[in-house]
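**Q** Below are the structure tokens for one structure; questions will follow.
The values are calculated or read from the model by the stated rules, or taken from the named source; none is laboratory data. These numbers come from a predicted model, not from an experiment. Here the Cβ is made from the backbone with ideal geometry for all residues, glycine too, and neighbour counts use every protein chain on show.
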């Protein structure tokens, strides 16, 4: 089983062996939501299916039934409903899943985490994404892709922790919770806010921009480097208390992944993140 990462060379070897794999292309652009699907159609890994952040990995339906599992700009779908989507995409129990994107693992981490949340441990992020695959001369396909035959995947007990806005609010400034904000420093400080109606951050949250986890090639940095930086950020706080957040629960998963790569365990995810927090004017906002 490969998790949390798989190299392009390892994936190529699995494909050559004819291993049972499910590959998802999660490429996306927050400012141009249709661009990711266009990029997928232009070129993607052999047999890969497309997972759309807005329509597959989020539930934005009005008056949705069952209700989404979180709030925010990218509400998590109900676990059972998402498990049914995974089965419809050809996933079987125990099958190795590989997820990737073209944006420095900004979006595929969301699907990595959601699979864990649905009880599927065998999922890995392609380290370096599409660029790493291209660098080794990996084969590519084009076109809209084909709908796979349904799989047998069924929901299992969660292997990842979803933290609600009520939990974050209840444990604000408490020693059992350390909120880590993955957004860029100007957004964290409240100097700019391109996506949400209120600028600032959750009081007491620490800032760790998610792109600090990557090297110049878009691969995750060495585990020992990540470990040292996270422990320095935490300043003696227990890594087990960490709850990751960002703008809408997407790029925060890159920090969650980095902590796991660093051997610091699987932290919690506040999926509603800043977009849900700031939706209630009664909740406190910090700036600076």
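**Q** Return the only residue of 141, 171 being outside the structural domain of residue 94 (by TED's automatic domain parsing), more than 29 Å from residue 85 (Cβ to Cβ), at pLDDT 95 or above and surrounded by fewer than 19 Cβ atoms within 10 Å (Cβ to Cβ).
**A** 171 is the lone residue from the list that is outside the structural domain of residue 94 (by TED's automatic domain parsing), more than 29 Å from residue 85 (Cβ to Cβ), at pLDDT 95 or above and surrounded by fewer than 19 Cβ atoms within 10 Å (Cβ to Cβ).
**Q** Does segment 17-67 hold any residues that are under 20 Å from residue 251 (Cα atoms), free of Cβ contacts under 8 Å to residues at least 60 places away in the same chain and part of a loop (DSSP other than H, G, I, E, B), and which are they?
**A** Listed by number, the residues that qualify are 31, 32, 33, 34, 52, 54, 55, 56, 57, 58, 59, 60.
**Q** What's the number of the condition residue 121 fails, among (1) surrounded by fewer than 19 Cβ atoms within 10 Å (Cβ to Cβ); (2) within 18 Å of the chain's Cα centre (by Cα); (3) at pLDDT 95 or above; (4) over 23 Å from residue 9 (Cβ atoms)?
**A** Tallying (1) surrounded by fewer than 19 Cβ atoms within 10 Å (Cβ to Cβ); (2) within 18 Å of the chain's Cα centre (by Cα); (3) at pLDDT 95 or above; (4) over 23 Å from residue 9 (Cβ atoms), residue 121 fails exactly one: (4).
**Q** Hey, does segment 151-158 have a residue that's in a helix (DSSP H, G or I), surrounded by fewer than 24 Cβ atoms within 10 Å (Cβ to Cβ) and either outside the structural domain of residue 28 (by TED's automatic domain parsing) or in contact (Cβ under 8 Å) with a residue 60 or more places away in the chain (or both)?
**A** no
**Q** Ok, one more. Looking at segment 203-217, I want the residues that are without any contact (Cβ under 8 Å) to a residue 24 or more places away in the chain and have a partner that is surrounded by fewer than 18 Cβ atoms within 10 Å (Cβ to Cβ) and assigned to a helix (DSSP H, G or I) with Cβ atoms under 8 Å, at least 6 apart or on another chain. Which pairs are those?
**A** Going by the 8 Å Cβ cut-off, the qualifying pairs are 212/229.
**Q** Moving on. Which ones in segment 218-231 are touching a residue at least 60 places away in the same chain (Cβ under 8 Å) and not in a loop (DSSP other than H, G, I, E, B)?
**A** Once the filter is applied, which keeps residues that are touching a residue at least 60 places away in the same chain (Cβ under 8 Å) and not in a loop (DSSP other than H, G, I, E, B), segment 218-231 yields only 220.
**Q** So which residues in segment 232-288 are in the same structural domain as residue 180 (by TED's automatic domain parsing) and in a strand (DSSP E or B)?
**A** 242, 243, 244, 245, 268, 269
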